[in-house]
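Only one structure is covered here, and it is reproduced in the block below.
The values are calculated or read from the model by the stated rules, or taken from the named source; none is laboratory data. Fair warning: this is a prediction, and the values are worked out from it, not measured in the lab. Please note: Cβ atoms are built from the backbone with ideal geometry, for glycine as well, and neighbour counts cover all protein chains shown.
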Amino acid sequence: MSENKRIHIRKGCLVPVRYTYAGEKQTFYARLINYGDGGLCLRTRTPIEDGVRLELSLEGYSPDRDSLGEFERYLMAVCWTRKIPERGLPVYETGLKYVE
């Protein structure tokens, strides 16, 4: 059995998110699969290099708007990326930590 070395508890979820590489404008899409006080994990179709900084956006409801809009933005650093087995197209999981 593998040992869980995480300091913070993670909560599972499946939330669509958008991200951009720091300083760039092109938007990419992913699924947030878990989160906690120390960071989060994304599922993507393309690998993301270790050490890269991303700006992650969650979309949600805002009381002063009639439609969905950008709700939260987080500056993140990539800690690791690994390919996971799945049929069809390649799938990757990427671990991110919050950058202050």
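Is one or more of the residues making up region 61-75 closer than 17 Å to E100 by Cα, modelled with pLDDT under 85 and out of contact with any Phe, Trp or Tyr (no Cβ under 6 Å at 6 or more places or on another chain)?
Of all residues in region 61-75, those closer than 17 Å to E100 by Cα come to 72-75.
This time we only want the ones that are modelled with pLDDT under 85, so: 72-73.
From what is left, the residues that are out of contact with any Phe, Trp or Tyr (no Cβ under 6 Å at 6 or more places or on another chain) are 72-73.
There is at least one residue in region 61-75 that is closer than 17 Å to E100 by Cα, modelled with pLDDT under 85 and out of contact with any Phe, Trp or Tyr (no Cβ under 6 Å at 6 or more places or on another chain).
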Number of positions in region 83-99 that are in a strand (DSSP E or B) and either free of Cβ contacts under 8 Å to residues at least 12 places away in the same chain or not charged (D, E, K, R) (or both): 7
Answer residue from region 1-26, given it is modelled with pLDDT of 90 or more and assigned to a loop (DSSP other than H, G, I, E, B) and is surrounded by the most Cβ atoms within 10 Å (Cβ to Cβ) among those: E24
Condition check for T46: in contact with a Pro (Cβ under 6 Å, 6 or more places away or on another chain) and modelled with pLDDT of 90 or more: no
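Do the conditions hold for R31, that is, is it surrounded by fewer than 12 Cβ atoms within 10 Å (Cβ to Cβ) and either under 24 Å from K11 (Cβ atoms) or modelled with pLDDT under 85 (or both)? Give the derivation first.
Details: surrounded by fewer than 12 Cβ atoms within 10 Å (Cβ to Cβ): no; either under 24 Å from K11 (Cβ atoms) or modelled with pLDDT under 85 (or both): yes.
Considered against the rule, which asks whether it is surrounded by fewer than 12 Cβ atoms within 10 Å (Cβ to Cβ) and either under 24 Å from K11 (Cβ atoms) or modelled with pLDDT under 85 (or both), R31 comes out as no.
From the set of residues in region 27-61 that are among the basic types (K, R) and assigned to a strand (DSSP E or B), which is farthest from E86 (Cα to Cα)?
Filtering region 27-61 for residues among the basic types (K, R) gives 31, 43, 45, 53.
Narrowing further to those that are assigned to a strand (DSSP E or B): 31, 43, 53.
On the way: R31: 15, R43: 12, R53: 26 Å.
Looking at residues that are among the basic types (K, R) and assigned to a strand (DSSP E or B), I get R53.
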